[in-house]
Structures are given as C-alpha cells and as structure tokens.
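Below: the structure, in structure tokens.
The values are calculated or read from the model by the stated rules, or taken from the named source; none is laboratory data. Please read all numbers here as calculations on a predicted model, not as lab measurements. Here the Cβ positions follow ideal geometry from the backbone for every residue, glycine too, while neighbour counts run over all protein chains shown.
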Amino acid sequence: MSKTPPPYPEGHDLLAGKTVLITAAAGAGIGFAAARRCVEEGARVFISDIHERRTVEAAEALAKIAGVPVPHQLCNVAEDADVRSLVGAAIESLGHVDVVINNAGLGGTCNVVDMQDEEWLKVIDITLHSVFRMTRAILPHMIERGAGAIVNNASVLGWRAQKGQSHYAAAKAGVMALTRCSALEVAEHGIRINAVSPSFATHPFLVKTTPKDELEALEAAEAYGRGAEPWEVANVMVFLASDYSSYMTGEAVSVSSQRG
C-alpha cells in the first residue's frame, strides 16, 4: 500500500466570483490550505488569525497565487468584539461575503479526572463558541442578501471516543449540533450550513507537537496508512462552499479513511 499522497489538484473555478472569509487561516494547517484552494478555485478571500506574523506571511503567500493583495485582519475568536470587527472588515473589503469557513479550534490531551475548569473552558470556547460567534455575526448579512454558505470544521471525534479528548470531542460534537440546528433556522433564507469532520490531517505543527508513537498509531488507523494532507480536507470544504452542494445543509461530512 502506498502512503504517498495523490497529486495536488488543479483548480476548476468552483468558486469563481465568490468571496470567502476564513478564520485561523495562517500557518500550515487546514485553514491556510482552505484559503489557498479557495483562491485557486477563483474566489476572493479575506483571512484572519490570532498570530500577526503568520497572518501577514499567509496573506503574502496567497497574494502571489491570486495575483492581487489578500486582505487580512487579526482576530481572537474568543472575543465577540473581535469577531464582529472581522465580519465588518471583510464585508467592507470584499463588498459582501458569500462564504464563511469556521476553522478555528484548540485541542490538547487530558483525562477528565485531571482536567481543570480552565482547560475545559478554553477548548470549548475556541473550538465551539467561536463557531457560534462567527455564525451569529455573519447571518444578518447573509439573510439580507438571501444567500450564503457556512462551512464549519468539526472532527470525527464528534462521533467517536478517544481517551484524553473529552473536551475536544465535546466541542466538536457541539459544532455538529450547532451546524444541524442553525442550518434549519436559515434554510428559508437561501443559506446553507455544513461541516467537515476530518480524522486527522498531517502538517508540520502536528508532527512537531505529537509524540512519534502516537502519530504512528493514528496513521495505522487510516486505510491509506497516512494522515490526510490539509488540502485534501480543504477540497471538501470547497465543495461544501460551492454550488455543487446546493442541496446539502445541516450535514457533517466525514473526511476520513479510518477503519475503526
């Protein structure tokens, strides 16, 4: 079995003419991959993150692909004022926002018996509450326009059990529930809300922060013997953001090759 990822796909203008706002889009993970794929699929993007240097570097890298400057703004998704400022800036810069990709999240490993309130609440706040804040902030704009798509980043841990992941799994299960319920609330306004649920995507930060034996165990659970490339998850986000998923709302799409 080959563990080599498939060739990187070319763009096909799936998002031509659309505008996309993406949170947690700096660095080398799913957020940046989503921003890059959106640009390659013809969208104009506005990116945000909490890390200033990485946000600027990400915007510069995307600008080289897009051929035009890529607007960006720092945002702490745990602060409602930051979220509302970000949404306002994106609307002003892009003219309107067709798509929001909620990518922000925070993980960690800790058993419930050892977990402090602060650790539990921080993961829930950044991973779940941020999706609520962004959704609440953008919906009036989308409702007024009678159109829009929101794509949330959940996780297979919203369905499956794993030791040490109670806080993260609870947050991601919450993202799925929020996706389903909010989707029903706004369907009449022509707005779709869906989520992707990856198993795990391999990127430099994950490799740096995960013990080698744990990483190997995660890879062994996948049918392809490897984690997803961030762009493989981003491809599904692009599909959910595009008109090709016009009849889908309230869904959580598994992006996984797990066998267990």
The one condition L139 fails out of (1) closer than 29 Å to K18 by Cα; (2) assigned to a loop (DSSP other than H, G, I, E, B) is (2)
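Suppose the filter is polar (S, T, N, Q) and under 18 Å from V196 (Cβ atoms); does T23 pass it? So that I can check it myself, show each step before the final result.
Numbers: polar (S, T, N, Q): yes; under 18 Å from V196 (Cβ atoms): yes.
Spelling it out, T23 is indeed polar (S, T, N, Q) and under 18 Å from V196 (Cβ atoms).
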Within segment 90-117, of all residues that are over 19 Å from H51 (Cα atoms) and polar (S, T, N, Q), the one modelled with the lowest pLDDT is T109
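If I ask for residues that are buried (at least 16 other Cβ atoms within 10 Å of the Cβ) and either over 14 Å from the mean Cα position of the chain (by Cα) or modelled with pLDDT under 85 (or both), which ones from segment 230-260 would you list? Walk me through how you get there before you give the answer.
So the first thing to find is which residues in segment 230-260 are buried (at least 16 other Cβ atoms within 10 Å of the Cβ), and the list is 230-242, 245, 249-256.
If the condition is that a residue be buried (at least 16 other Cβ atoms within 10 Å of the Cβ) and either over 14 Å from the mean Cα position of the chain (by Cα) or modelled with pLDDT under 85 (or both), then S242, S245, T249, G250, E251, S256 are the ones that fit.
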Flagged pairs (Cβ under 7 angstrom, 6 or more apart or on separate chains; first in segment 87-113, under 27 Å from Y168 (Cβ atoms); second at pLDDT 95 or above and aromatic (F, W, Y)) are G107/Y168; G108/Y168
- Any residue at all in segment 125-133 that is over 15 Å from A252 (Cβ atoms) and free of Cβ contacts under 8 Å to residues at least 24 places away in the same chain? no
By residue number, the members of segment 27-51 that are touching a Lys or Arg at 6+ places or on another chain (Cβ under 9 Å), at pLDDT 95 or above and part of a loop (DSSP other than H, G, I, E, B) are E41, G42, A43
With the first residue restricted to segment 146-159 and required to be over 12 Å from S256 (Cα atoms), and the second required to be of a type in the set (S, T, N, Q) and assigned to a loop (DSSP other than H, G, I, E, B), Cβ contacts under 7 Å at 6 or more apart or on different chains are N153/N103
**Message:** Taking the criterion of being surrounded by fewer than 24 Cβ atoms within 10 Å (Cβ to Cβ) and assigned to a helix (DSSP H, G or I), would at least one residue in segment 98-111 satisfy it?
**Reply:** no
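Return a yes/no flag: does segment 195-213 have any residue that is closer than 27 Å to E144 by Cα and surrounded by 19 or more Cβ atoms within 10 Å (Cβ to Cβ). It would help to see each step written out before you state the result.
First, the residues of segment 195-213 that are closer than 27 Å to E144 by Cα: 195-196.
Then drop every residue that is not surrounded by 19 or more Cβ atoms within 10 Å (Cβ to Cβ), which leaves 195-196.
Taking every residue of segment 195-213 in turn, at least one turns out to be closer than 27 Å to E144 by Cα and surrounded by 19 or more Cβ atoms within 10 Å (Cβ to Cβ).
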Pairs returned, first residue in segment 225-241 that is closer than 14 Å to I101 by Cα, second residue that is modelled with pLDDT under 95 and small (G, A, S), beta-carbon separation under 8 angstrom, 6 or more apart or interchain, are V233/A201
Of all helices (runs of 4 or more DSSP H) fully inside segment 148-260, the set with 1 or more residues that are among the acidic types (D, E) is 166-186, 212-220, 230-241
